[in-house]
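Accompanying notes for the structure given below.
The values are calculated or read from the model by the stated rules, or taken from the named source; none is laboratory data. Keep in mind the model is a prediction, meaning the values are calculated, not measured. Positions of Cβ are generated from backbone atoms using ideal geometry, with glycine treated the same way; all protein chains shown enter the neighbour counts.
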Amino acid sequence: MASCPYLNSSTMISKPKHPNASFCLHDFPNPQHLSSSLSFTASPIGTVKSARRRCRETNRRSSLILASTDKPREPLKIMISGAPASGKGTQCELITSKYDLVHIAAGDLLRAEVAAGSANGKQAKEYMEKGQLVPDEIVVMMVKDRLSQSDSTEKGWLLDGYPRSSSQATALQAFGFHPDLFILLEVPQEILVDRVVGRRLDPVTGRIYHLTYSPPETEEIAARLTQRFDDTEEKVKLRLQTHNQNVESVLSMFEEITVKVDGSLPKDVVFAKIDSALSNLINQKNATLAT
Ligand code: AP5
């Protein structure tokens, strides 16, 4: 296997090249991954404040904090891709918690439009229910606008589930968005269906659960979990078909910066591989900037 500067030996790469509230990972993962079709129940301010305090304390102790010497000198630009339920959202929670990137999920942006009942949302839902790609006229500008916001520019971004076609990838490049790394999660099909059917979301924290692999911690959380409207066995098969039709054309455009990770492993193991690729990337980028 070819060696890549971003990878350790257990991570595969297709081709070597170059180099809400502030919730914490354990209690309150990234609220941006909320299924926006769900209602958001705000916690009382006191509770949120003490939760934040607990989070800060947890984070101080946590090994998931970047040492100042490991910080990127310029914002990271990362894409994560994979079949439905390959674990993109789960890994994004872990990545953003450590690297503090702005998580931009095309599916979340679309679900927010659906929940808002906008014209775009109504049109998007028709495609989402059929497991098809929502037309570029709706998605492309939505993602471009989010990427252009100041937090994305300043902190760096983690783009989840976009681009999903060569036309989306081309548009992104034309707008001047060039990723440093393209992460592809690879998971066998039979596992994906099981993951989709068992997935549940916490509308309060946005956290992603699985009834078997990542069950809720308390009865209270279990009682409020909800399911996405497209998380049925029938719909995931259609989503998979769409993914399989498009994945190669997208991959071919990012081949030289692609890191393929075995997403069927336990989520912490998957994260360790991604983490290793990201820290290698940061070292490379920092070294380049220092010269
Ligand atoms: P989107 O919301 O992006 O859905 P998706 O691609 O089908 O991906 P998912 O969100 O279902 O899964 P995931 O990979 O995030 O997995 P998760 O971490 O939750 O898109 C929805 C729809 O919007 C599309 O079908 C399309 O219509 C439209 N759309 C989106 N982007 C578009 C675009 N660019 N252009 C046009 N249309 C677009 O994990 C799943 C489950 O597995 C969870 O229960 C989790 O706990 C569990 N799990 C995760 N990792 C592990 C692990 N390592 N081991 C065991 N269990 C795990």
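The table for this structure:
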item	result
Val250 vs. criteria in contact with a helix residue (DSSP H, G or I) (Cβ under 8 Å, 6 or more places away or on another chain), within 10 Å of the ligand (Cβ to nearest atom), under 14 Å from Gly82 (Cα atoms) and modelled with pLDDT of 95 or more	yes
Subset of the stretch 128-168 (residues that are of a type outside the set (D, E, K, R), part of a helix (DSSP H, G or I) and within 24 Å of Thr90 (Cβ to Cβ))	Met128, Val139, Met142, Val143, Leu147, Ser152, Gln168
Residues that are more than 8 Å from the ligand (Cβ to nearest atom) and surrounded by 15 or more Cβ atoms within 10 Å (Cβ to Cβ), drawn from the stretch 202-228	Asp202, Pro203, Val204, Thr205, Gly206, Arg207, Pro216, Ile221, Arg224, Leu225, Gln227
Given (1) within 6 Å of the ligand (Cβ to nearest atom); (2) touching a Pro at 6+ places or on another chain (Cβ under 8 Å), number of the condition Leu133 does not satisfy	(2)
Inter-residue pairs, beta-carbon under 8 Å, first within 15 Å of Thr242 (Cα to Cα) and in the stretch 116-133, second away from the ligand (no atom under 11 Å from the Cβ), 6+ apart	Gly131/Lys237
The one condition in (1) within 30 Å of Ser165 (Cβ to Cβ); (2) modelled with pLDDT under 95; (3) small (Gly, Ala, Ser); (4) in a helix (DSSP H, G or I) that Ala287 fails to fulfil	(1)
Check on Met142, surrounded by 23 or more Cβ atoms within 10 Å (Cβ to Cβ), over 20 Å from Thr205 (Cα atoms) and more than 7 Å from the ligand (Cβ to nearest atom)	no
